[in-house]
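The values are calculated or read from the model by the stated rules, or taken from the named source; none is laboratory data. This structure is a prediction, so every number in the text was calculated from the model and none was measured. Cβ placement follows ideal geometry from the backbone for every residue including glycine, while neighbour counts extend to all protein chains displayed. SASA here: full protein model, heavy atoms, side chains in, ligands and nucleic acids out. Shrake-Rupley method; radii C 1.70, N 1.55, O 1.52, S 1.80 Å.
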Amino acid sequence: MTPTEVLSFAKEKGAKVVDLRFVDFPSHWQHFTVPLSELSESSFEDGFGFDASSIRGWQPINASDMLVIPDPATAKMDPFYEVPTLVMIGNIVDPITREAYSRDPRYIAKKAEAFLKMTGIGDTAFFGPEAEFFIFDDIRFDSQKNSAFYIIDSEEAVWNTGRDECPNLGYKPRHKEGYFPVPPTDKFQDLRTEMLLTLEELGIDMECQHHEVATAGQSEIDMRFKPLTLMGDQLMWFKYVLKNVAYKNGHTVTFMPKPLFEDNGSGMHVHVSIWKDGNTLFAGDKYAGVSQEALYAIGGILKHCKALCAFTNPTTNSYKRLVPGFEAPVNLAYSSRNRSAAVRIPMYSASPKAKRIEFRTPDPSCNGYLAFSAILMAVIDGIENKIDPGDPLDKNIYDLPPEELVHIPTAPGSLDEALNALKEDKEFLLKGGVFTQDVIDNWIEYKTKNEINPVRLRPHPHEFMLYYDI
């Protein structure tokens, strides 16, 4: 939509107010609301001011004023507010220089797309994330100087088979047996359909929804692939809609990668393809029907995976899922059908247009704009430098003898390790000014100060089980 069309759209839908949204450095949507009377065609150039020093990882207090410039192409009506509300995602700019803000994740995504075009490799990078999540009925947690706990509950959880529910009707999926059961074992069919249809009503193309492997409501809803920045926008809407539909129905959704012990965590397999002039670059006559460019792209992801994880798996909890020897794709190898490899080439369709690579290591705690941009930069680096991914690994990695397994590198084992890898392997991200040194330094500093150190300094509740009587 153009600014003129946005104003007409708002009038047609009866909007009373305008909600302006942008994503902070870690990955949360922030917003403020203005009366519709404050929105005019000049607003799409002048923007709206806000205090950026109160946004995590952004400006110091002595340089706090920033502008959010609404993007007319993002206009939608909010499906949850009581008052009819027009929503637009904004870009952040400096009020004095009018330059785009280097720490705005959406700006980084736009620069990544522009850099792809500049290289001549392609003109469009398509991304299709498969974000898994949990639907819980109750969550309580606290962390004090002298205590810490969390308690999760779900009507669907296998640990409640013996609970007096007046009556308890059973049908609760056992650990690791939640993939695709029909109701009544699957308690959330209607809830997930409401989520899917709400996203469709917002103009987001959807593919499917289903229960996932874990007990206690693990689920997946898939969006159809879109260009990088648009998919970043859609992932923000995705999380917003799922949380609000669940909340409205008396449930809670989390994208935390590993909320349950000894059951599957939530990943976000990311499908990637590069197109040019309406044709895919990834279909060819090499292994599994892909092109040489696709193999080089895989080489780029495998080479830079440890550094990528700083953005694709950006929480300390991410590495409770990425544990060698279990089901998470921590092994830096590729295969056509082997889901234990970090990169897979899906074989669902023989159509050349469906050829893509699937990076399986990421999880849904990430900031989509940053994660997709970093993945694209690794893909470009692989293609430009003809990085050989080696031979595919079609064996079950977890059945390999130790003498073979030792030669397969793995993803980082902690957020600290991923950030250290980013410090050492960042040049591919800095190309074309897509990521800046300031962004990388600030990301490492923020994650270390606000997440790694607070977790590192606290005793873990299970340590009392192990060591209290020492």
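When you count the other C-beta atoms within 10 angstrom of each residue and take the mean per peptide, 443-451, 359-367, 33-41 line up highest first as 359-367, 443-451, 33-41.
Across H269, H31, the residue with the most accessible area heads the list, and the full order at a 1.4 Å probe is H31, H269. Couplings 3J(HN,Hα) of segment 355-367, computed from phi: 5, 7, 10, 10, 8, 9, 6, x, 9, x, 7, 6, 7 Hz, in residue order, whole Hz [Karplus 6.51 cos²θ - 1.76 cosθ + 1.60, θ = phi - 60°; x for Gly and Pro].
Simple spin-label estimate for K248 and S143 gives 3.2 nm between the two label positions (7 Å along the Cα-to-Cβ direction from each Cα).
Modelled label positions at F180 and A73, each set 7 Å beyond Cα in the direction of Cβ, lie 3.7 nm from each other. The mean sequence distance of close C-alpha pairs (under 8 Å, at least 6 residues apart), as a share of the length of the chain, puts its relative contact order at 14 percent. Net charge dipole, the chain: roughly 480 debye, given to the nearest 20, about the Cα centre with Cβ charges of +1 for Lys and Arg and -1 for Asp and Glu. When only C-alpha pairs under 8 Å and at least 6 residues apart count, what is the relative contact order of segment 265-404, in percent? Relative contact order here is 35 percent.
Ordering R337, R103 by accessible area with a probe of 1.4 Å, largest first, what comes out?
Listed by decreasing accessible area, they come as R337, R103.
Residue separation of D394 and K286 scaled by 0.36 nm, minus their Cα-Cα distance, works out to 37.4 nm of gained length. Taken over the alpha carbons of segment 3-101 as equal point scatterers, the Debye sum produces base-10 log I(q)/I(0) values at 0.10, 0.14 Å⁻¹ of -0.27, -0.52. Given axes a ≥ b ≥ c from the Cα gyration tensor, I'd like to know whether segment 26-83 is rounded (a/c under 1.5), prolate (a/b larger than b/c) or oblate. Note, shape of segment 26-83 comes out oblate. Treating cross-link reach as a plain straight distance, find the lysines whose alpha-carbon is under 26 Å from the alpha-carbon of K145, omitting any fewer than eight places away in the same chain. Straight-distance partners of K145: K258, K320, K447, K449.
Each Cα pair under 8 Å and six or more residues apart adds its sequence gap; the mean of these over the residue count of segment 3-101 is a relative contact order of 30 percent.
Spin-label pair K11-T436: with each label point 7 Å from Cα along the Cα-Cβ axis, the two points sit 4.0 nm from one another.
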